[in-house]
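Just below is one structure, and these are the notes that go with it.
The values are calculated or read from the model by the stated rules, or taken from the named source; none is laboratory data. Model, not experiment: these values are computed from the prediction. Using ideal geometry, Cβ is built from the backbone for each residue, glycine included, and neighbour counts are taken over all protein chains shown. Please note that ligands, DNA and RNA were not included when accessible areas were found on the heavy atoms of the full protein model with its side chains. Shrake-Rupley method; radii C 1.70, N 1.55, O 1.52, S 1.80 Å.
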Amino acid sequence: MSDVDKLFASPLAQVSDFVFDHDVARVFPDMIKRSIPGYPTIVENIGVISAHHAQPGTLIYDLGCSLGAATQSIRRHLRQEGCRIIGVDSAEAMVERCREYLSAQDAMIEELAPASVIHGDILELPLEPCSVVVLNFTLQFIAPDQRLELLRRIRDALLPGGILILSEKFRFEQPDTQHQLEQVHYAFKRANGYSDLEIAQKRSAIENVMLLDSQQAHMERLRAAGFSQAYTWFQCFNFGSIVAHA
Ligand code: GEK
């Protein structure tokens, strides 16, 4: 169902800012697996962590769901009765394909928790009371000055005992650490078949649209948003995932 990512393989006269369009949606599963170290582990364990914390009869949100990888994982692991999952994404191309993937999952496995996908902006979507919210590599695409407000709204929507799972690419304050982890990330991409040209062109395309925070900045913002506890449960190179408790 997914093609091999060759979007940046040929020299481009001008590298435009990265957008989540039909071309990206077509190659997305291949692109994200070959670009984010630990992505399959993170996605699988978002299912485990969500199933551990989900409360019966409540909502679970997957914000910036793309093709619904996290939603599918949650559905595979969830055992609680009466939960419903809502995926949200602002890219129409992603939403269309996500619905197809979820229908395919429904056709293969019986009695999964119902999941639906909303085409919309998570900055404008009113959030209903929920027990789990997932932001799997989405917050880094939100304008920095909107991030705290979004986290506050998520915190306010979470029921007592609820959690947010926040995965991000991290920036490191220490220039040496930043350099070393960036280099090893490029080595990971080369090991997955990306050329130096692809790596350089993708980097130019994404640098204006994906603005990174340090782990410390994330922790401070989560605290400011009202979360009582937050910890990193996974890290591979400069990518990681945090659980924050309401
Ligand atoms: C996964 N979570 O595979 N509102 C809604 N969606 C948005 C917004 C917004 N304001 N801004 C960006 N997006 C997924 C991967 S990808 C990460 C998430 C990546 C969406 C955007 O359209 C894209 O689908 C997603 O956030 C980010 O588990 O490509 O590195």
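Annotations
- The Cβ shell under 12 Å around residue 98 holds other residues with a net charge of -3, Lys and Arg each +1, Asp and Glu each -1.
- Once the Cα gyration tensor of the stretch 84-175 is diagonalised, semi-axes √(5λ) in Å: 26, 17, 14
- The stretch 18-122: equivalent-ellipsoid semi-axes (sqrt of 5 x gyration tensor eigenvalues, Cα, Å): 22, 15, 13
- Local electrostatic count, residue 229, Cβ distance below 15 Å [Lys/Arg +1, Asp/Glu -1]: +2
- Scattering profile of the stretch 50-108 at q = 0.19, 0.21, 0.29 Å⁻¹ [log10 I(q)/I(0), Debye over alpha-carbon scatterers]: -0.66, -0.79, -1.20
- Average accessible surface for the stretch 4-71: 42 Å² per residue, computed with a 1.4 Å probe over protein heavy atoms with every protein chain in place.
- Column: log10 I(q)/I(0), Debye, Cα scatterers of the chain, q = 0.08, 0.10, 0.14, 0.16 Å⁻¹: -0.29, -0.47, -0.94, -1.24
- Helical content of the chain, expressed as a calculated mean residue ellipticity at 222 nm, amounts to -14000 deg cm²/dmol (DSSP H runs of 4 or more residues, -39,500 (n - 2.57) each, divided by residue number, nearest 500).
- 0 to 90° range, to nearest 10: angle between helix 144-157 axis and the chain longest Cα axis: 20 degrees
- Percent carbon-and-sulfur accessible area, the chain, ignoring ligands, DNA and RNA, probe 1.4 Å: 51 percent
- Note on the stretch 190-229: Kirkwood radius taken over Cα pairs, Stokes-Einstein applied at 20 °C and 1.002 mPa s, translational D equal to 168 µm² s⁻¹.
- Computed over protein heavy atoms with a 1.4 Å probe, the accessible surface of the stretch 74-145 works out to 50 Å² per residue.
- Scaling the Cα radius of gyration of the stretch 140-245 by the globular reference 2.2 N^0.38 Å produces a ratio of 1.20.
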